[in-house]
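See below for the structure under consideration.
The values are calculated or read from the model by the stated rules, or taken from the named source; none is laboratory data. Predicted model, so just to flag it, every value in this text is computed and none were measured. FYI the Cβ positions are ideal-geometry reconstructions off the backbone, even for glycines, and counts take in every protein chain you see.
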Amino acid sequence: MPTPTSWNNTADLAGTWRLGDLTVNRLGFGAMRLTGSAPFHLGVPSDRERSIGVLRRAIELGVNHLDTAAFYFSSTRSANELINRALAPYPDDLVITTKVWPGRDPSGAWWWATPEQLRGQVEENLRQLGRDHLDVVNLRVPPSRKGTSIAEHVGALAELRAAGLVRHLGLSNVTGEQLAEARTIAPVVCVQNAYGVGAPEEEQELLRRCGELGIAFVPFSAIAMAIAAAGSGQQAGAGERADVLAVARAHGASPAQVRLAWTLQQGPHVLAIPGTGDPEHLAENVAAGALRLTAQDRALLAHRPD
């Protein structure tokens, strides 16, 4: 039985979705892990040429949706600058999504932008990426602001959209109520929240609501949630759920591929943005877009262990 990584797969096999007027393959790429063995100032910085090679290979495999942020940097690497170095001049169909509200100073310390400071964050992304506008900007809501009004920040981004610096707006780390509030101010094309096998009911409901509204739901940490549950420093698959392992064995796939396939099969509006700095993992992740789980598989994975 051939394994998913042995198939000649490309990202378009997962299907497409539209972010406003921009069509993307539902299997995309997250840039955070390009900067090193751990995000931000932790771990060992990546090999620059290897990271550049991963980005170029992702495009060759049909990836046309990249997720990044100006605050994705380690001691000597910047995800945005790696993307610029690897891919500029950019392919016509490439959509780059970035995030604002969180920021980091040159030493790596975190700060949170006021509505008035969002323009500076947008311009920082523009400089690093070498673009004159950003395709999609997600307003990444701080954990401390869950359940509070985000109207001022959404309004500030809507002004940047009207000025032509931003093409489309998205939200990240939000509640259903915050999504509803934002939509009274400006159109929202995507919601990017933590989501994966075993996600809580409130995230399941938000995913369903996005589908009803025609808004893309873009989970982050669909694979990393398993590693986090097992404990930091664990290898991929360590501490993995027994049901995920059983489905993986049945398909000759890896647990990560099962988690990605399950994510994509939650609805045609659901995208995936797995990230890696390893070319073999990249090929494995892209191959997961062609993995079709059965109804029995999905029922097994729907169980949330106590």
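Close contacts from the range 78-95, counting a first residue that is under 16 Å from residue 53 (Cα atoms) and a second that is exposed (fewer than 15 other Cβ atoms within 10 Å of the Cβ), with Cβ to Cβ under 6 Å and a gap of 6+ residues or different chains, come to 86/56. Is it the case that some residue within the range 263-270 is in contact with a Gly (Cβ under 6 Å, 6 or more places away or on another chain) and at positive phi? Yes, some residue in the range 263-270 is in contact with a Gly (Cβ under 6 Å, 6 or more places away or on another chain) and at positive phi.
Out of curiosity, is residue 54 in contact with a helix residue (DSSP H, G or I) (Cβ under 7 Å, 6 or more places away or on another chain), closer than 19 Å to residue 223 by Cα and either free of Cβ contacts under 8 Å to residues at least 40 places away in the same chain or part of a loop (DSSP other than H, G, I, E, B) (or both)?
On the way: in contact with a helix residue (DSSP H, G or I) (Cβ under 7 Å, 6 or more places away or on another chain): yes; closer than 19 Å to residue 223 by Cα: yes; either free of Cβ contacts under 8 Å to residues at least 40 places away in the same chain or part of a loop (DSSP other than H, G, I, E, B) (or both): no.
Answer is no for this residue.
Just one of the numbered conditions (1) within 20 Å of the chain's Cα centre (by Cα); (2) modelled with pLDDT of 80 or more; (3) crowded, with 20+ Cβ neighbours inside 10 Å is not true of residue 248: (1). In the range 241-260, the count of residues that are of a type in the set (Asp, Glu), assigned to a helix (DSSP H, G or I) and more than 26 Å from residue 79 (Cβ to Cβ) is one or more. Could you tell me whether the range 41-62 includes any residue that is aliphatic (A, V, I, L, M), more than 14 Å from residue 273 (Cβ to Cβ), surrounded by fewer than 24 Cβ atoms within 10 Å (Cβ to Cβ) and at pLDDT below 95? Checking the range 41-62: at least one residue is aliphatic (A, V, I, L, M), more than 14 Å from residue 273 (Cβ to Cβ), surrounded by fewer than 24 Cβ atoms within 10 Å (Cβ to Cβ) and at pLDDT below 95. Put simply, of 71, 40 the only residue that is more than 15 Å from residue 127 (Cα to Cα), under 17 Å from the mean Cα position of the chain (by Cα) and not in a helix (DSSP H, G or I) is 40. Quick check: is even one residue across the range 159-166 within 22 Å of residue 65 (Cβ to Cβ), under 20 Å from the mean Cα position of the chain (by Cα) and not aromatic (Phe, Trp, Tyr)? For the range 159-166, residues within 22 Å of residue 65 (Cβ to Cβ), under 20 Å from the mean Cα position of the chain (by Cα) and not aromatic (Phe, Trp, Tyr): present.
Determine, yes or no, whether residue 192 is within 16 Å of residue 293 (Cα to Cα), modelled with pLDDT of 95 or more and surrounded by 15 or more Cβ atoms within 10 Å (Cβ to Cβ). First the steps, then the outcome.
Details: within 16 Å of residue 293 (Cα to Cα): no; modelled with pLDDT of 95 or more: yes; surrounded by 15 or more Cβ atoms within 10 Å (Cβ to Cβ): yes.
Taking the combined requirement at face value, the residue does not satisfy it.
When you scan the range 125-134, do you find a residue that is under 25 Å from residue 261 (Cα atoms), touching a residue at least 12 places away in the same chain (Cβ under 8 Å) and surrounded by 15 or more Cβ atoms within 10 Å (Cβ to Cβ), even just one? No, the range 125-134 has no match at all. Among residues belonging to the range 274-296 that are surrounded by fewer than 24 Cβ atoms within 10 Å (Cβ to Cβ) and assigned to a loop (DSSP other than H, G, I, E, B), point out the one that is nearest to the chain's Cα centre (by Cα). Result: 276. Within the range 83-104, identify whether any single residue is assigned to a loop (DSSP other than H, G, I, E, B) and at pLDDT below 95, and answer yes or no. So far as the range 83-104 goes, no, none of its residues is assigned to a loop (DSSP other than H, G, I, E, B) and at pLDDT below 95.
Residue pairs whose Cβ atoms lie under 9 Å apart, separated by 6 or more positions or on different chains, with the first residue in the range 19-34 and without any contact (Cβ under 8 Å) to a residue 24 or more places away in the chain and surrounded by 21 or more Cβ atoms within 10 Å (Cβ to Cβ) and the second part of a strand (DSSP E or B) and among the β-branched types (Val, Ile, Thr), do not occur.
Whether any residue in the range 88-110 is surrounded by 14 or more Cβ atoms within 10 Å (Cβ to Cβ), of a type in the set (Gly, Ala, Ser) and more than 18 Å from the chain's Cα centre (by Cα) is what I want to check. If you could, list the steps in order and put the result at the bottom.
Applying the first criterion (surrounded by 14 or more Cβ atoms within 10 Å (Cβ to Cβ)) to the range 88-110 yields 90, 94-104.
Now narrow it down to the ones that are of a type in the set (Gly, Ala, Ser): 103.
Then keep just the ones that are more than 18 Å from the chain's Cα centre (by Cα); that gives none.
Within the range 88-110, not a single residue is surrounded by 14 or more Cβ atoms within 10 Å (Cβ to Cβ), of a type in the set (Gly, Ala, Ser) and more than 18 Å from the chain's Cα centre (by Cα).
Of the residues that make up the range 230-242, is at least one at pLDDT 80 or above and among the hydrophobic types (A, V, I, L, M, F, W, C)? The answer is yes, given that some residue of the range 230-242 is at pLDDT 80 or above and among the hydrophobic types (A, V, I, L, M, F, W, C).
Residues in the range 211-220: is at least one at pLDDT below 95 and either of a type outside the set (Lys, Arg) or not in a loop (DSSP other than H, G, I, E, B) (or both)? Before you say what the answer is, go through the steps one by one.
We begin by selecting, within the range 211-220, every residue at pLDDT below 95; these are 220.
Still in the list and also either of a type outside the set (Lys, Arg) or not in a loop (DSSP other than H, G, I, E, B) (or both): 220.
Checking the range 211-220: at least one residue is at pLDDT below 95 and either of a type outside the set (Lys, Arg) or not in a loop (DSSP other than H, G, I, E, B) (or both).
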